[in-house]
Structures are given as structure tokens and as C-alpha cells.
1. Which one of the conditions (1) surrounded by fewer than 24 Cβ atoms within 10 Å (Cβ to Cβ); (2) out of contact with any Lys or Arg (no Cβ under 6 Å at 6 or more places or on another chain); (3) at the interface with another protein chain (Cβ under 7 Å from one of its Cβ atoms) does A:LEU99 fail to meet, given that it meets all the rest?
2. Just the residues that are within 25 Å of A:ALA70 (Cβ to Cβ) and not in a helix (DSSP H, G or I), please, taken from the range A:93-117.
3. When you go through A:GLU131, A:GLU172 one by one, which is the residue that is surrounded by fewer than 23 Cβ atoms within 10 Å (Cβ to Cβ), in the same structural domain as A:LEU82 (by TED's automatic domain parsing) and in a loop (DSSP other than H, G, I, E, B)?
4. So is B:LEU324 in the same structural domain as B:ARG199 (by TED's automatic domain parsing), surrounded by 24 or more Cβ atoms within 10 Å (Cβ to Cβ) and within 28 Å of the chain's Cα centre (by Cα) or not?
5. Whether any residue in the range B:80-91 is in a loop (DSSP other than H, G, I, E, B) and within 16 Å of DNA strand D (Cβ to nearest atom) is what I want to check.
6. Tell me which residues, restricted to the range B:175-202, are part of a strand (DSSP E or B) and more than 13 Å from the chain's Cα centre (by Cα).
7. I need the strands (runs of 3 or more DSSP E) fully contained in the range A:258-345, keeping only those with at least 3 residues that are away from every other protein chain (no Cβ under 14 Å) and at pLDDT below 95.
8. Hey, does the range B:148-157 have a residue that's more than 10 Å from chain A (Cβ to nearest Cβ), in a loop (DSSP other than H, G, I, E, B), at pLDDT below 95 and surrounded by fewer than 21 Cβ atoms within 10 Å (Cβ to Cβ)?
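The values are calculated or read from the model by the stated rules, or taken from the named source; none is laboratory data. The structure presented is a predicted model; accordingly, all values stated were derived computationally and were not measured. A quick note on method: Cβ atoms are made from the backbone with ideal geometry, for glycine too, and the neighbour counts reach across all protein chains shown.
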Protein chains: 2
Amino acid sequence: MPSATRRGSPPSPPASGPAAPTLKKVAEAAGVHLSTVSRALNPETRHLVAEAATARVLAEAARLGYRPDAAAAALRTGRSRLIGALVPGIANPVFAPILAGAEAVLAGRGYALLVADPGDDPARAVTLADEMASRRVDGLLLATAAGHDDPVVSRCLARGTPVVLINRTEAEARAPAVVSDDQEGLRLAIEHLVALGHRRIGHIAGPPNLSTGALRRRGFEAAMAAHGLDASAIAPATAYSRPAGAAAARQLRAGHPGLTALACANDLLALGTYDVLAEAGLRVPDDVSVTGHNDMPMMDMVAPPLTTVRIGHAEMGREAAHLLLRALDDRTTPPTRGTAVLLRPTLVIRASSAPPR
Amino acid sequence: MPSATRRGSPPSPPASGPAAPTLKKVAEAAGVHLSTVSRALNPETRHLVAEAATARVLAEAARLGYRPDAAAAALRTGRSRLIGALVPGIANPVFAPILAGAEAVLAGRGYALLVADPGDDPARAVTLADEMASRRVDGLLLATAAGHDDPVVSRCLARGTPVVLINRTEAEARAPAVVSDDQEGLRLAIEHLVALGHRRIGHIAGPPNLSTGALRRRGFEAAMAAHGLDASAIAPATAYSRPAGAAAARQLRAGHPGLTALACANDLLALGTYDVLAEAGLRVPDDVSVTGHNDMPMMDMVAPPLTTVRIGHAEMGREAAHLLLRALDDRTTPPTRGTAVLLRPTLVIRASSAPPR
DNA sequence: CACAGGACTACAAACGTTTGTACAAACGAT
DNA sequence: ATCGTTTGTACAAACGTTTGTAGTCCTGTG
């Protein structure tokens, strides 16, 4: 048979590997037209080609190591099988598992994940979203939404790009979101503290422009009210960080002496709170109980192990990916605006909470 | 009959936003040919077009919100401006910052990051690498290399895809790598322990098929030998995890009673070691000193705060990205096989190490 | 025996770029 | 006035797919 001498010296001196085989090459090798190869290779259209031809095509494609050119396919079909993800801090222990979860389900459906990290800069987020639009992503996963009407969401809506919000949502939800039930999260924490006997409880809140900050605060206020307790001891942190938590805790303690428990909107804020309590010579949980939110990795190893609200970060990413895939599969129905998937948080009780003395 | 009526109604996707403007649209709006628009938009070729025309083109492009179609450009040029990253565990605190660092420098140069997570499954890594090849990535960042000749590296070499190894390297380095100086890392730990007065020191090693595991062990042995100490107290863990660390520590203590210090190849292994020491009723550092490696987040908050070897993960990612960009800019010179960039680790002394009693 | 219809396959036209080449003015120098 | 240059623009050909349409060759039937 015409098995050419494939042992020739590399024809391309400039170090570039052998030209990747195309449909045309496979077609020649299999003795059919390139369009037939295309159909034979695609399970959806395979029924249009004779079994013998399909077999030959499959064999030759495998032998040559054919890989379809995604760019060409994207150009022709208008779909890139690319999903963009905008995350404020890839390495952040909150967002990393979200990304991992999303990647897992997207990869299973043949989509690839394009990640970019605008940090907390909305302008940068817009730039990166435009870049993703340029790459014709089929959909967007947004973990950076903030404020009332996030500019990135606006652009996606205008462009018709499906978008799913993760972890944070807009004040006026214009796009589907999957978030933990933030109010419920703080309710769990407060119920626990109240059950332990605490009455004078303060809240280290998150940034008020983030939905997590605003909703957890609301959850705190509602839970306290439900027990007829004073919910005025609140200090908002300027960011979800340990120093910001410390600053807020300092401020809260100054304005509200005698608090026996501090419920924090975030684990890092709780760690910052640990710091100022230690400074003040107070012991956790003997003098003051502290709770966190998120159950970040290692929260079982800090001293004392932190009582905190666990949220399923990986599940959040998975769920968001599913939502996006659903929208992609069924592009006829409109985005069903504010549909939010609320994930149930759970309380993990460790050693940072105890009855007041 | 030149223009046959083969204009089957366009499969216009329902509810899709207005069709994105193309070069042609901009050209019509600006009253020039589309090729002129292309050149005017590209800073490299802009000098070929009259200033007046350039101005008109720029204005119209901005007005229409033109965004080049990356797929079309990729098809034409053969370059996708996409970089693939294969990472064993996106959410892993070791790899997440690497990814973040790489993303930052790549984005600065107009490249986007395609991330995939094969976990520890080499077959899956190959599949995902092929997928990336299909997407015609311009280069690959590999954090999954293992063993003697990693199959993914082999394929990249065969295909001529530039690849840079991160954190782990191959036994026989066939591709450039950027890694921390793993031997030096363990030397630092041992020097510290010896300076404190320890003589009977054990090593909880990493998986021997990973370069980090093998090299850190070698560093342990060399440093011990340099002090004329016995380096035989070694137990390799089967994975970089807390339970695997615990298992190895248990085994090591069984075979070598009386060790006063345990140098671990990884922070998680150190935490597992904490667990078995606590089980045995021993206190860190009073009874046994423990050191880790990596300085993962939160290692300053565990009890006791862990003395560990810090490596610049983000810098690693950045450095790898730079290396890859260099290779992309200058595709003539061959890959310069085993060039490894060695990052200097530093020792962070905390409270898990103290003089032996 | 003609012919309808089914089963395959080939043809060709896009998709939106980049880029080599050809053409057309405009201009100065001979 | 002729001729090179220079400068700016237009033309057209790819890149590798997907997919509508038009054959072609059968096989079975009226």
C-alpha cells in the first residue's frame, strides 16, 4: 500500500513541529472528501456516512493524530466552547475551590476555562471582560459582581453573553446567581451563640458594597431581633482581610465594651479579631467567643480552632457551571433574570465559641 | 450564474445580541477598505496608513465597539495568544498562587490563560494536553510533571509546543523549569535544627516520584552528612496530605524512637505530624521540634505557628510565564533543554522549633 | 422498463482575519 | 514632458472548519 517513507529528515528547519494534520490530509489518506471526514468524525452527523467510510476515516485520523482546529471551528460555528471566569483573587481560598469546581464540570462537557483576575478593580474587570468577548467566550462566570449594577453584567446583557454570578450577587439581580444563603449563615452563628447564653453580641461586617457583606449583616440584625437582642454593635471592615478585621474589631470594642461574643462575616476577619483580642489580653473563647464564616482551609488548625459557617465553595462552582451550561444548551429562553440558587450553609462548631462566663 | 441563491435563512441564534461588528462594518463606516482598517488598528502596521484615515478608522471602531475576532485572527496567523496551564489541584494553596502569578504577567502581554486540572492522573493530563493542543495554545505551563519522562512533556516536544515546567521538574530535564531550590530548602531547615542543638533528626519525605519529594530528601541527607549526623531516619509519605503525613510520622517514630526533631517535606505533612505527636502526648516544640516546607497560608496561625521554608510561589508563576514568553518571542533558538531557574527559598522561624530538652 | 426514492458522497460557500501584491496618485528631479 | 519614487489604498488569497445543496449510484417497485 502507499505507505510513504515517513522517515525523512524533518522538513522544517525552524524547529517548528510537523504541520498538524488537517481535515484535508485525513481525507486524502482515507480516500474521501474532507466534508465526509468532518461528518464521520462528528458523532452527531456520523449517521450520514457509510460505516466502511467512517471506519477508514477514524483509523486514518487516529493514525495521523488528527486534532480539529478549535479556532477554525469557532470561526465557522460562532461558538468557541470557551467559558470565561473573572475572579477577584485566583489564589484566594474562597475563590480557588469555586474555580476548581466549575472547571471540573465544564471540562466534562468539552468546555475550557479561561481565567482572569481583575482583583478588586472594576475598570480592570471591564477590560478583561472585553478581552473575553473578543475571544468569543460562550459564557461568563462572574465572581466579581459588586454594587447595584455591575458594569460587566451590563455589558454581557447588552452583548447577549450568558453570565452567571458566583458567591456575590448584584443588589438588583439582573443575572442568575449561585450564592450561599448569607443571611441564613449569620442566623446559624447567632443561634449558636445565643444558645450558649450570649446576649451582648457584636458583628464584624464585610464591605457593605459586596452582597456578602450586606446580606450577612442583615442576617445578623434579623437573628438578633428575633431574640429581642440589641443589634447595634456592628463595625464594617473595609475589606475581607485580617488587618481590616483587626481594625474593625478594635473600633467595635472601643464603642461597645462588654461584648461577650463577636460574629464575623468572614474567617479572615475572625483571625484579625483574634489578633486584637490577644493584644487586649483576652482569651478566646474564655473571655470572648468568636465565629467566622466560610470555613476556609486550616480553620480547624488555628488556635483556637474556629467555629464558623461552612459554605460549599466547590459546589458553588459546580452549580454555577451547570446553570451556565443549561443557558448554553437552551439559548431560546431568556436569561430568567434574578433566579438565584441559594446554597444552604452549615455551622461547624469548634473551640472558639463557649458559654459566657 | 455567479451569485446563486444559496442564502438559506441565516441560522440567526434567537435572542442573541446585535451581531458584533466586523472589520467590514468598520471599513464601510470609515469609507476605506477592510484591509486598511486592519492595518490602522494594528500599531505594528499603522505607519502604512495615512494619519487621517487612521483617525477615521479609530473613531469608527470605537463608536461601533469593534472587537477583533480572536478565532479568525488565530486561524489566519496560527497563533492563538492562549497559554494552557495544567495544574494538579487548582485550589491547592501551592498551585493557586503560581497560577495567579502566571496569569498576571501573561495578561499583561495579551495572553489569556486556559486552566485545566488533571489531578494526579497522568492519563487525564495527556487528554487535557491534547485538548489544549486542539485549541492551538501557543505554549504550556506544566505543574504536573512527574517521574522520569512525563508523557505530556514528550508530546509537547514532539509537537513543538513551548512548555515550561513549574514547581516540579522531570528526573531528566527535557524542558525548561522554574522550581524552588528544594535541596537548599531542606538544608536551611536542618541547619536551623542543628544550630538549636538537635542531633537526632528525622525526615518525613514527599512522594519519591515527584522531584520535590526526591530533591528535598536528598537535601536532608546532604545536610545531615555535612554535620556528620545519621540521615537514615526517613519515612516517605505517599502523597502531600495531612493523613499521609500522619501515616509516615507514625511509621518513622515506630522505627526510630528518640528523634528530637522532624523535618517535613511539606507543610501538610507537618500538620499530619502534629496530629500524631499530639496523639502520643508529645508537645511541639517542647518534646519534638517540627519544620515544614512551602509556608502555605495560615501556617503562622496554626498551633504552634510552624517554622517552615518559604518559597515564592507567585514569583514562580511569574518567572515561568516570563520564560514562556521569551520562548514565544524567540522561536528560532531551540528550547535550551534543561535550563532550570532555581528560586532561593528562605527559612521562616516560628514557634514549632526550639532547642531539645 | 422506467423511475421514485434512499443512501452516500462531493462540491462549494461561508466565518473574519492578516498580509503579499498590485494599482493609483502625487511629487520632485532630470 | 518623462520617469522614478514614495505614499497610500484596494484586491485577493489564504487559514481549517461546518453545513446546505447537488449530484451519483443503487435497489426495489408499479
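1. Here A:LEU99 meets the rest and fails (1).
2. Those that are within 25 Å of A:ALA70 (Cβ to Cβ) and not in a helix (DSSP H, G or I): A:ARG109, A:GLY110, A:TYR111, A:ALA112, A:LEU113, A:LEU114, A:VAL115, A:ALA116, A:ASP117.
3. A:GLU172 is the lone residue from the list that is surrounded by fewer than 23 Cβ atoms within 10 Å (Cβ to Cβ), in the same structural domain as A:LEU82 (by TED's automatic domain parsing) and in a loop (DSSP other than H, G, I, E, B).
4. Criteria not met by B:LEU324.
5. Narrowing the range B:80-91 to residues in a loop (DSSP other than H, G, I, E, B): B:80-81, B:87-91.
Those left that are additionally within 16 Å of DNA strand D (Cβ to nearest atom): B:80-81.
Yes, the range B:80-91 contains at least one residue that is in a loop (DSSP other than H, G, I, E, B) and within 16 Å of DNA strand D (Cβ to nearest atom).
6. B:ILE201, B:GLY202
7. Values: elements: A:261-264, A:289-294, A:307-310, A:340-343.
Output list reads A:340-343.
8. So in the range B:148-157, the residues more than 10 Å from chain A (Cβ to nearest Cβ) come out as B:148-154.
Still in the running and in a loop (DSSP other than H, G, I, E, B): B:148-150.
Those left that are additionally at pLDDT below 95: B:148-150.
Retained after the next criterion (residues that are surrounded by fewer than 21 Cβ atoms within 10 Å (Cβ to Cβ)): B:148-149.
Yes, because at least one residue in the range B:148-157 is more than 10 Å from chain A (Cβ to nearest Cβ), in a loop (DSSP other than H, G, I, E, B), at pLDDT below 95 and surrounded by fewer than 21 Cβ atoms within 10 Å (Cβ to Cβ).
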